[in-house]
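Take a look at the structure set out below.
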Amino acid sequence: MTEGEQDRGTTAPGTSVIASSDVHDADAARPHGDDREPGRPAEERDSSPSRPARQEEPARAADAGTPSPAADQPPEAHRPGFIHQLRDVAREHRSASVLAALLLLLLLAAAAAGTGLAVWAFREERRARKVEQQAVEKSQKAQDVAAKYKGKFHQTEAEWKAAVDGLHRARAAEEAARRSEGETKAILDFFKKSLLSAGRPGDGSLPAVFWAGGQGRDVTLRKALDSAESQVAEVFADRPMAEAVVREILGSAYLSVGEAARAVRQYERALALREATHGANHPDAAACRNQLAVAYRLAGRDAEAARLFEQTPDSAAHASALAARGAMLLREKKPAEAELKLRGCLTIRQKIQPDDWTTFDTKSSLGEALLDQSKFADAEPLLLSGYQGMKQREDTIPSQDKPRLTKALQRLVKLYEAWGKKDEAMRWRKELEMAV
């Protein structure tokens, strides 16, 4: 055995020496660079221009008996990849692998189902929100329509109520006019029959007064009034307002012939009828109360006249009496005393009838009282407010009281002329000329 064989004999036990020697000889005899192409002929390898120049060095080393470094080291083992290892495990544990695969499929299916459910839920939520939004919009539209028709309904209802009220007022006015017409006719018929009927001289009728030739005229007229007064209660038993009018006419007639006591009885009955029908604050009742107060004074019953107004100090009747007294004092050139009466009247009227034309007429009269005292600055606002208030309510002023509006204009002209304001006086004078 040669030294090379002895050296190769030192390999690991159980290794074939011949096989190792053959492999070693083959590896030693194979030049470097032929490992990648073992099946190629030697002539082609030798003739290949890409063969490295050092390919003969291993052969010389083999001839010299020097072992190759590659011969002493075993070839590097090839490690299998993760997929190969997993495949090997699956082959060794087939049942477990199948079960794991099934679990994996179940997990994947569950994940897919969960994703599908999530997408479905998201879509359903969007759809529900859309439906909800549509429902809200429809509800809002319905509310708007309901509000619109509700407003129209209320408007229609209000118009219908106004129309019904207007109809009732028209019917009431028509009925009142019918009653007034009937009462007026009854009053005229009464006076025609009781005072103007023909008869023999001395029977108390007006024709009898005429035929008497004027002798004892007053006495005959009083007899005619007494005859008419005795029939009033019976003729107008079912017409209280007509009776009140007749009583007031008779009272005025009695005052004309100097029978204040008889006039008082007529006015008392007329006032009682008016207050019972329309109330104590009615304008007609207030006017009748004023006439009764005058009758009391003419009859020498001043205390009763004063007591009549003291019973209702804030009544329209009291205000009318104060206004009449103030106007009388102005005509008597007593503006300071008139101012007191007119201020009391204005206080009452501003309290109980602030929007009535008579309240503004009182302002104008009070302004005149101040003007006559040369209190121009105090008189100006009262005169202006009085005229403007009456002008705005001109339609409510009775025809017999229309001259009071012209009187208010005249007071303004008088104020600015006395005050020395010629331009203002000229402006109001032009308006006065247009009004007249």
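The values are calculated or read from the model by the stated rules, or taken from the named source; none is laboratory data. No experiment lies behind these values; they were computed from the predicted model shown. Positions of Cβ are backbone-derived with ideal geometry, glycine not excepted, and every protein chain shown enters the neighbour counts.
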Yes or no: the range 343-350 includes at least one residue that is assigned by TED's automatic domain parsing to the domain that holds Tyr416, surrounded by 15 or more Cβ atoms within 10 Å (Cβ to Cβ) and touching an Asp or Glu at 6+ places or on another chain (Cβ under 6 Å). yes
Suppose we filter Asp355, Asp378, Asp395 for residues that are assigned to a loop (DSSP other than H, G, I, E, B), surrounded by fewer than 22 Cβ atoms within 10 Å (Cβ to Cβ) and acidic (Asp, Glu); which single one remains? Asp355
Could you please find all residues in the range 224-258 being surrounded by 22 or more Cβ atoms within 10 Å (Cβ to Cβ) and not hydrophobic (A, V, I, L, M, F, W, C)? Glu243, Arg247, Glu248, Gly251, Tyr254
Touching a helix residue (DSSP H, G or I) at 6+ places or on another chain (Cβ under 8 Å) and either under 12 Å from Gly251 (Cβ atoms) or assigned to a helix (DSSP H, G or I) (or both), is that true of Ala305? yes
For the range 408-430 the number of residues that are out of contact with any Lys or Arg (no Cβ under 7 Å at 6 or more places or on another chain) and surrounded by 15 or more Cβ atoms within 10 Å (Cβ to Cβ) is 15
Scan (1) within 30 Å of Ser374 (Cβ to Cβ); (2) in contact with a helix residue (DSSP H, G or I) (Cβ under 7 Å, 6 or more places away or on another chain); (3) in the same structural domain as Gly386 (by TED's automatic domain parsing) for the single condition Ala327 breaks and write down its number. (3)
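Condition check ((1) aliphatic (A, V, I, L, M); (2) modelled with pLDDT of 90 or more; (3) within 23 Å of Arg239 (Cβ to Cβ)) across all residues:
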| site | (1), (2), (3) |
| --- | --- |
| Cys288 | no, no, yes |
| Ala293 | yes, no, no |
| Phe309 | no, no, no |
| Ala321 | yes, no, no |
| Thr347 | no, yes, no |
| Lys351 | no, yes, no |
Would you say Lys414 is over 46 Å from the mean Cα position of the chain (by Cα) and of a type in the set (Lys, Arg)? yes
